[in-house]
Amino acid sequence: MIRDEALFATLLDTVSRFVREVLVPIEERVAREDAVPASVVEQMRALGLFGLTIPEEFGGLGLTVEEEVEVVLVLGRTSPAFRSVFGTNIGIGSRSLILTGTDEQKSRYLPRLASGDLIASFALTEPEAGSDAASLRSQARLDGEEWLLNGTKRFITNASHAGLFTVFARTGGEGADGISAFLVEPNAPGFSLGRPERKMGQQGAPVCDVVLENCRVPRANILGEPGKGFATAMRTLDRGRVHIAALCVGIAERLIGDMARYARERRQFGRPIADFQLIQAMIADSQAEAFAARCMVVETAKRADAGVTMARDASCCKLFASEMVGRVADRAVQVHGGAGYIGDYGVERFYRDVRLFRLYEGTSQIQQLIIARHVLAEAAA
């Protein structure tokens, strides 16, 4: 339940105007320059976007899952690169700290994350451990009062801007139970970054490797209990998957609006192409699927706020919404015809941008496995 409906409505309206008046007009510029302007990042800080989900006691807004979803639906009406600027701070970059951090760790980092003075990043994926995260090879061993970390993390979002990393490394034996989480600052000895990756889409959202070579981290910087890092990562990803699903819905709704406007304006055979039933069918299918995904995401968020475990439902949302937005983006290009293949209308850019949603924070195939595992376990019980 939203705690203060009037206050939250004001927040949604403010974010909506920011998206419409500031972000949408510079989408093409950000894609071309592969960077979000510093002045826009400063406006994000002023709006409190870096602290949307961080508890109020640490300077954030402390949004519920349902409130977070509603904000992300609005943010989906523009390039996902903008949300990525602060997305790690309100999601996977801070969630592990909120869930398992000590009072000292939270007091030290969360206020700066909420203000945007510090950017957080989440370092789980490795060259040989993507979908199979439990097989990660990075190692951490105690050396007096410090941990020595060794390994390489791959495709780490916001790594080049981050001042705090949640790094997962092996402190025990094989499998999930041997993994621990650590808070690592980039000025730590032995810490370095790889070159920025060239990506298919989402220009403006930097990604690169994180390299740990006898990286020294204070003993107190272990996050949560030793050997419990994998469980923390999975709990963090559950909420992140609902967040990404909401973003997919917002983008789909943006694309449906673009489709409908173009169909009304574009004329062929002496009339608007919106008059043709095959065009109407693509718009109708897109709307039906986006509506279904929106209902799934909002219902899952409400259930999460009520204390219902959301691992299965979060995967359902991520699977359906990420696949859905891919289909909608494809139809948007089709409705635009040849113009949809050219950069002028933006649908070509979104077509590339949304492809990533089926890959990160768990591929569609991983979501299928998670869903099936839960359903089969429930049947056995």
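Would you mind stating whether ALA314 is part of a helix (DSSP H, G or I), at pLDDT 95 or above, crowded, with 24+ Cβ neighbours inside 10 Å and hydrophobic (A, V, I, L, M, F, W, C)? Show your work before the answer.
Values: part of a helix (DSSP H, G or I): yes; at pLDDT 95 or above: yes; crowded, with 24+ Cβ neighbours inside 10 Å: yes; hydrophobic (A, V, I, L, M, F, W, C): yes.
Judged against the criteria, ALA314 is a match.
Every residue, every condition in (1) more than 18 Å from ASP353 (Cβ to Cβ); (2) charged (D, E, K, R); (3) surrounded by fewer than 24 Cβ atoms within 10 Å (Cβ to Cβ), yes or no:
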{"position": "GLY224", "(1), (2), (3)": "yes, no, yes"}
{"position": "GLY227", "(1), (2), (3)": "yes, no, yes"}
{"position": "MET234", "(1), (2), (3)": "yes, no, yes"}
{"position": "VAL249", "(1), (2), (3)": "no, no, no"}
{"position": "ILE256", "(1), (2), (3)": "no, no, yes"}
{"position": "MET259", "(1), (2), (3)": "no, no, no"}
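Given the structure, is GLY178 in contact with a strand residue (DSSP E or B) (Cβ under 7 Å, 6 or more places away or on another chain) and surrounded by 22 or more Cβ atoms within 10 Å (Cβ to Cβ)?
No: the conditions fail for GLY178.
Suppose we filter GLN287, GLN268 for residues that are over 30 Å from GLY240 (Cα atoms), surrounded by fewer than 22 Cβ atoms within 10 Å (Cβ to Cβ) and polar (S, T, N, Q); which single one remains?
Only one candidate qualifies: GLN268.
Just give me the residues in segment 360-381 being without any contact (Cβ under 8 Å) to a residue 60 or more places away in the chain and crowded, with 16+ Cβ neighbours inside 10 Å, in sequence order.
Those that are without any contact (Cβ under 8 Å) to a residue 60 or more places away in the chain and crowded, with 16+ Cβ neighbours inside 10 Å: SER364, ILE370, ILE371.
Return the pairs, sorted by first residue and then second, in which the second residue is among the β-branched types (Val, Ile, Thr), the first residue lies in segment 319-336 and is free of Cβ contacts under 8 Å to residues at least 24 places away in the same chain, the beta carbons are less than 9 Å apart, and the residues are 6+ apart or on different chains.
Matching pairs, first to second residue: VAL333/VAL347.
Residue by residue through segment 245-287, note down the ones that are assigned to a helix (DSSP H, G or I), free of Cβ contacts under 8 Å to residues at least 40 places away in the same chain and among the charged types (D, E, K, R).
ARG261, ARG264, GLU265, ASP275
Inspect all residues belonging to segment 237-244 and state whether any of them is surrounded by 15 or more Cβ atoms within 10 Å (Cβ to Cβ), without any contact (Cβ under 8 Å) to a residue 24 or more places away in the chain and part of a helix (DSSP H, G or I).
no
This table checks each residue for (1) touching a strand residue (DSSP E or B) at 6+ places or on another chain (Cβ under 8 Å); (2) more than 28 Å from CYS295 (Cβ to Cβ); (3) assigned by TED's automatic domain parsing to the domain that holds VAL298.
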| position | (1), (2), (3) |
| --- | --- |
| VAL41 | no, yes, no |
| PHE58 | no, yes, no |
| VAL72 | no, no, no |
| ARG83 | no, no, no |
| THR88 | yes, no, no |
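For segment 256-275, give me each residue that is touching a strand residue (DSSP E or B) at 6+ places or on another chain (Cβ under 8 Å) and either closer than 14 Å to ARG331 by Cβ or of a type in the set (Asp, Glu) (or both).
ALA263, GLU265, ILE273 - these are the residues of segment 256-275 that are touching a strand residue (DSSP E or B) at 6+ places or on another chain (Cβ under 8 Å) and either closer than 14 Å to ARG331 by Cβ or of a type in the set (Asp, Glu) (or both).
If you check SER79, SER84, SER96, which single one turns out to be farther than 23 Å from ALA220 by Cα, in contact with a helix residue (DSSP H, G or I) (Cβ under 7 Å, 6 or more places away or on another chain) and polar (S, T, N, Q)?
SER79
Which residue is farthest from the chain's Cα centre (by Cα), if the candidates are limited to segment 48-107 and must be farther than 19 Å from LEU183 by Cα, free of Cβ contacts under 8 Å to residues at least 60 places away in the same chain and part of a helix (DSSP H, G or I)?
GLU57
Could you list all residues from segment 108-134 that are assigned to a strand (DSSP E or B) and over 14 Å from the mean Cα position of the chain (by Cα)?
GLU126, ALA129
Restrict the check to segment 159-175 and report whether at least one residue is touching a strand residue (DSSP E or B) at 6+ places or on another chain (Cβ under 9 Å), in a loop (DSSP other than H, G, I, E, B) and more than 19 Å from THR88 (Cβ to Cβ).
Scanning segment 159-175, I find at least one residue that is touching a strand residue (DSSP E or B) at 6+ places or on another chain (Cβ under 9 Å), in a loop (DSSP other than H, G, I, E, B) and more than 19 Å from THR88 (Cβ to Cβ), so the answer is yes.
Residues are listed down the side, and each one gets a yes or a no for (1) more than 27 Å from THR78 (Cα to Cα); (2) modelled with pLDDT of 95 or more:
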residue: GLY175; (1), (2): yes, no
residue: ASN187; (1), (2): yes, yes
residue: SER192; (1), (2): yes, yes
residue: MET200; (1), (2): no, yes
residue: ALA205; (1), (2): no, yes
residue: VAL211; (1), (2): yes, yes
residue: CYS215; (1), (2): yes, yes
residue: PRO218; (1), (2): yes, yes
residue: ARG239; (1), (2): no, yes
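Being over 20 Å from ASP330 (Cβ atoms) and of a type in the set (Val, Ile, Thr) is the filter here; which residues of segment 242-255 pass it?
Scanning segment 242-255 gives a single hit, VAL242.
The values are calculated or read from the model by the stated rules, or taken from the named source; none is laboratory data. Owing to the predicted nature of the structure, the values given are computational and were not obtained by experimental measurement. Every residue, glycine as well, gets a Cβ built from its backbone with ideal geometry; the counts of neighbours run over all protein chains shown.
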